1. From a point 7 Å beyond the Cα of residue 90 in the direction of its Cβ, which residues of segment 103-124 have a backbone N at a distance under 16 Å?
2. For the chain, what relative contact order do you get, as a whole percent, if you take Cα pairs closer than 8 Å and at least 6 residues apart?
3. Give the distance, in whole Å, between the Cα centre of segment 51-128 and the Cα centre of segment 3-24.
4. Does a label point 7 Å from the Cα of residue 129, set along Cα-to-beta-carbon, have any residues of segment 85-120 with amide nitrogen under 18 Å, and which are they?
5. Top mean-square fluctuation among 135, 160, 88, Gaussian network model of the chain, C-alpha springs under 10 Å?
6. Sorting 198, 111 on the 10 Å Cβ count, fewest up front, what's the list?
7. May I ask you to sort 151, 25, 82, 129 by Cβ crowding, counting other Cβ atoms within 10 Å and putting the fewest first?
8. Could you check the simple spin-label distance between residue 174 and residue 198, using points 7 Å along Cα→Cβ, in nm with one decimal?
């Protein structure tokens with residue numbers, strides 16, 4: 001059976017919206033995009049942590065994305081010919097949860113997931129070996145967590161408070177977690193691994 005691991009950059013107040021660049025996600029008038037670059041460490045601590053978590057779970061079996069994250073990654077990384085992420089993402093298996101997209105999907109190795117999301121992803125997890133990673137995809141993550149399908153959160157917590165923006169965990173929803181690992185980096189970023197408490 002596979003494991004679903006959420007891997008996201010967060011601020012101390014839990015904001016996950018638009019960490020990479022100013023125009024990444026401007027929903028609700030969000031103007032502070034690109035905040036993760038302000039506290040990035042000169043080494044690749046976050047990348048190493050992600051690799052270690054995937055290796056511990058049997059290696060990467062594929063990525064789960066919501067439509068918005070899928071389309072953003074497709075347009076971003078395939079537009080940069082020298083990007084190290086473009087070839088990696090093109091070669092990886094991608095499962096895209098959407099009610100508006102239709103097949104064939106434009107990115108290689110992409111499979112559309114429709115219908116009852118919890119049932120479809122639960123079946124995918126049951127028939128997969130290794131890690132199904134999720135980056136971004138806040139609404140998808142929330143629905144999978146509510147269904148008890150998320151096995152682990154690898155959160156890269158940046159030393160800043162934005163006070164606004166979409167958060168990893170929805171308001172009004174209690175989520176009990178247990179700490180698995182916490183590693184500080186030289187730049188003040190915390191690499192935190194949580195698992196569901198139950």
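Throughout, read-outs are computed from the coordinates displayed, never taken from laboratory work. Predicted, not measured: the structure shown is a model, and the values here were computed from it. A quick note on method: Cβ atoms are made from the backbone with ideal geometry, for glycine too, and the neighbour counts reach across all protein chains shown.
1. In segment 103-124, the label zone of residue 90 (backbone N under 16 Å from the point 7 Å along Cα→Cβ) covers 106-110.
2. Working: 366 pairs, mean separation 68.0, N = 198.
Answer for the chain is 34 percent.
3. 17 Å
4. Output list for this probe position: 93.
5. Looking only at 135, 160, 88, the biggest GNM fluctuation is shown by 88.
6. Numbers: 198 7, 111 12.
Lowest count first: 198, 111.
7. Working: 151 18, 25 21, 82 5, 129 11.
Final ranking by Cβ density, sparse to dense: 82, 129, 151, 25.
8. Output for this residue pair reads 0.9 nm.
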